[in-house]
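Heads up: the structure comes next, in structure tokens.
The values are calculated or read from the model by the stated rules, or taken from the named source; none is laboratory data. A quick note: this is a predicted structure, and the numbers were derived from the prediction, not measured. Cβ: placed from backbone, ideal geometry, glycine included. Neighbour counts: every protein chain shown. Each accessible area value is taken on the protein alone, full model and side chains, heavy atoms only, with ligands, DNA and RNA left out. Shrake-Rupley method; radii C 1.70, N 1.55, O 1.52, S 1.80 Å.
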Amino acid sequence: MKYISTRGGVEPKSFEEVVLAGLAADGGLFVPQQLPEFSVEEIASWSGLSYQQLALKIMAPFVGDAVPEKDLQRLIDDAYTGFRHAGVAPLVQTGHNEWIMELFHGPTLAFKDFALQFLGNLLDYILAKRNQKVVVMGATSGDTGSAAIEGCRHCKNLDIFILHPYQRISEVQRRQMTTVLADNIHNLALHGNFDDCQNMVKASFADQSFLPEGRQLVAVNSINWARIMAQIVYYFWASLSLGGPERKVSFSVPTGNFGDIFAGYLAHKMGLPIEQLVIATNQNDILHRCISGNDHSTKPLQQSLAPSMDIMISSNFERLLFDLYQRDGDEVARLMAAAKAGSMKLNDDVLAQARELFSSYRCDDAGMVEIIRDTFAESDYLLDPHTAIGLAAARHCRANQDTPMVTLATAHPAKFPDAVRRAGYPCDPPLPSHMSDLFEREERCTVLDNDSGAVQQFMAENIVS
Ligand SMILES: *Cc1c(COP(=O)(O)O)cnc(C)c1O
């Protein structure tokens, strides 16, 4: 399988190259040249498989001969054995044909573990094979950093440097990163805000001359293709658990960078019968405005109680546009330039086509708090703020009561005590037992000025792998 850029400006690349590359050289994102497609009969034949076995069926065609199947199965098994639920992604019923898929049983209690536990293993495997070592660098405002660190803690062929804004992330989120004490894990707290961290990462990718000879930077944010690929699996999993593929299923997805829901779109294109994909946003609602009213204009970022969805522009939306515009890279480049300059308008027929599958809803902090409170009162089930927004959107957008509607639960409520308390819950929701001593564990972190010379010098001097 080969991969091409959404802006059409690079030669097709191999799976390995794409996993190590991040962005394409023309500024676009990598997508498969051709998607694998499965018949309804073939999907139905997978109904008895474990999550790990199903993951192999779905990922193998994308990986191709980069990893032999026997090895790929081992990488997948290793990725999901650390999940603290035998079902890996269990479903919980919250109403008639209404379900929540719990994606927070991984080590950092958010769905990002699904992709990053696997990506860490995959990177280390590919690097060992190539006899190569790399440096992973990323910025985080919360969930991505901890999931990336957990995913890379056992890797022998890479160092990982994660930048977070000093004293501007929650204590649970900070401790989830800083208490991982492996030598190849480097937490940097930057005097500045999240944008400063992100700009530092961007500048470092643009000029990597500060790295020792032979090293390159690797990105593990959601532009990395392997992350999207790993997320396709649980859409098939949910469908097979609920009577699919003979029966259609719908999904509501709390959305930030559009990575998670784009994986659902790919599942649909690969042959999974999906009736609706609901884009759920908080008050940072650019995607809702785009789908509902063709208004993709940027607005200042608003801090919300569902911070993992606080984005101005969703990077993976570009991957959907590439498809909707018949894979015309020039057209996508033009659209993304318009989006960056402040406003992008879609063609009417493109928008109409998108709306056949996608609908959208915006739920602000007040609406989110209300649904956490009501759901807990009705059924003792405690939602995290992101999942609550997903459930609100599911109920609002649902077209057909006979089709199961699955809301993706993207985080455990203990990660976001502020929102949960705001909903009237009397205390901080308890962390699962394997993390109950988080607040006693030793932390390791280096505080640095917002100065690229200082950060890059620290990195160059502290690589251990
Ligand atoms: C990252 C994240 C999201 C948004 O996912 P995208 O793939 O960026 O759309 C939603 N909820 C939680 C808890 C997250 O960590």
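Checked against (1) open to solvent by less than 10 Å² (accessible area, probe 1.4 Å); (2) farther than 30 Å from F205 by Cα; (3) more than 22 Å from the chain's Cα centre (by Cα), A393 passes all but condition (3). If you go through the range 429-465 and keep only what is of a type in the set (D, E) and either surrounded by 14 or more Cβ atoms within 10 Å (Cβ to Cβ) or under 30 Å from K202 (Cβ atoms) (or both), you end up with E443, D449, D451, E461.
Within the range 446-460, residues that are of a type in the set (V, I, T) sit with their Cβ atoms under 7 Å from residues that are part of a loop (DSSP other than H, G, I, E, B) and open to solvent by 40 Å² or more (accessible area, probe 1.4 Å), at 6+ positions apart or across chains, in these pairs: V447/Y166.
Using the structure shown, decide if I313 is open to solvent by 50 Å² or more (accessible area, probe 1.4 Å), closer than 18 Å to V253 by Cβ and within 16 Å of the ligand (Cβ to nearest atom). If you could, list the steps in order and put the result at the bottom.
Working: open to solvent by 50 Å² or more (accessible area, probe 1.4 Å): yes; closer than 18 Å to V253 by Cβ: yes; within 16 Å of the ligand (Cβ to nearest atom): yes.
Spelling it out, I313 is indeed open to solvent by 50 Å² or more (accessible area, probe 1.4 Å), closer than 18 Å to V253 by Cβ and within 16 Å of the ligand (Cβ to nearest atom).
Considering only the range 267-283, how many residues are open to solvent by 10 Å² or more (accessible area, probe 1.4 Å) and either within 16 Å of the ligand (Cβ to nearest atom) or modelled with pLDDT under 95 (or both)? Don't jump to the end; show me each part of the working.
Just the residues of the range 267-283 that are open to solvent by 10 Å² or more (accessible area, probe 1.4 Å), to begin with: 268-269, 271, 273, 275-276, 283.
Keeping just the survivors that are either within 16 Å of the ligand (Cβ to nearest atom) or modelled with pLDDT under 95 (or both) gives 283.
Result for the range 267-283: 1.
Considering every residue within the range 385-406, establish whether at least one is more than 14 Å from the ligand (Cβ to nearest atom), of a type in the set (V, I, T) and part of a loop (DSSP other than H, G, I, E, B). Yes, the conditions are met somewhere in the range 385-406. Of the residues making up the range 58-88, those that are free of Cβ contacts under 8 Å to residues at least 12 places away in the same chain and either open to solvent by less than 20 Å² (accessible area, probe 1.4 Å) or assigned to a helix (DSSP H, G or I) (or both) number 4. All of (1) open to solvent by 10 Å² or more (accessible area, probe 1.4 Å); (2) within 16 Å of the ligand (Cβ to nearest atom); (3) closer than 18 Å to R444 by Cβ hold for A182 with one exception: (2).
Could you list, in sequence order, the residues of the range 18-41 that are exposed (fewer than 14 other Cβ atoms within 10 Å of the Cβ) and free of Cβ contacts under 8 Å to residues at least 60 places away in the same chain? Residues satisfying the conditions are A25, Q33, Q34, E41.
Based on this model, can you work out whether L301 counts as more than 20 Å from G87 (Cα to Cα) and either open to solvent by less than 10 Å² (accessible area, probe 1.4 Å) or within 13 Å of the ligand (Cβ to nearest atom) (or both)? So L301 fails the test.
Going residue by residue through the range 371-379, is there one that turns out to be in contact with a Cys (Cβ under 6 Å, 6 or more places away or on another chain) and at pLDDT 95 or above? No: zero hits.
Residues that are touching a helix residue (DSSP H, G or I) at 6+ places or on another chain (Cβ under 7 Å), more than 11 Å from the ligand (Cβ to nearest atom) and open to solvent by 10 Å² or more (accessible area, probe 1.4 Å) within the range 99-137 comprise P107, Q117, N121, Y125, K133, listed in sequence order. Residues that are open to solvent by less than 10 Å² (accessible area, probe 1.4 Å) and aromatic (F, W, Y) occur at least once in the range 145-167.
Within the range 185-197, the set of residues being open to solvent by 40 Å² or more (accessible area, probe 1.4 Å) and either at pLDDT 95 or above or of a type in the set (A, V, I, L, M, F, W, C) (or both) comprises H191, F194.
In the range 244-252, the count of residues that are open to solvent by less than 10 Å² (accessible area, probe 1.4 Å), modelled with pLDDT of 95 or more, within 12 Å of the ligand (Cβ to nearest atom) and touching a Pro at 6+ places or on another chain (Cβ under 6 Å) is zero. Scan the range 180-191 and tell me whether some residue there is small (G, A, S) and closer than 20 Å to I463 by Cβ. Looking for residues that are small (G, A, S) and closer than 20 Å to I463 by Cβ, one finds at least one in the range 180-191, hence yes. I'd like the full set of residues that are under 21 Å from the mean Cα position of the chain (by Cα) and polar (S, T, N, Q), limited to the range 13-63. Residue satisfying the conditions is Q52 alone. Here E331 passes the criteria (1) assigned to a helix (DSSP H, G or I); (2) open to solvent by less than 30 Å² (accessible area, probe 1.4 Å); (3) out of contact with any strand residue (DSSP E or B) (no Cβ under 9 Å at 6 or more places or on another chain) except the one numbered (2).
For N221, the conditions (1) open to solvent by 50 Å² or more (accessible area, probe 1.4 Å); (2) within 16 Å of the ligand (Cβ to nearest atom); (3) assigned to a helix (DSSP H, G or I) all hold with the exception of (3).
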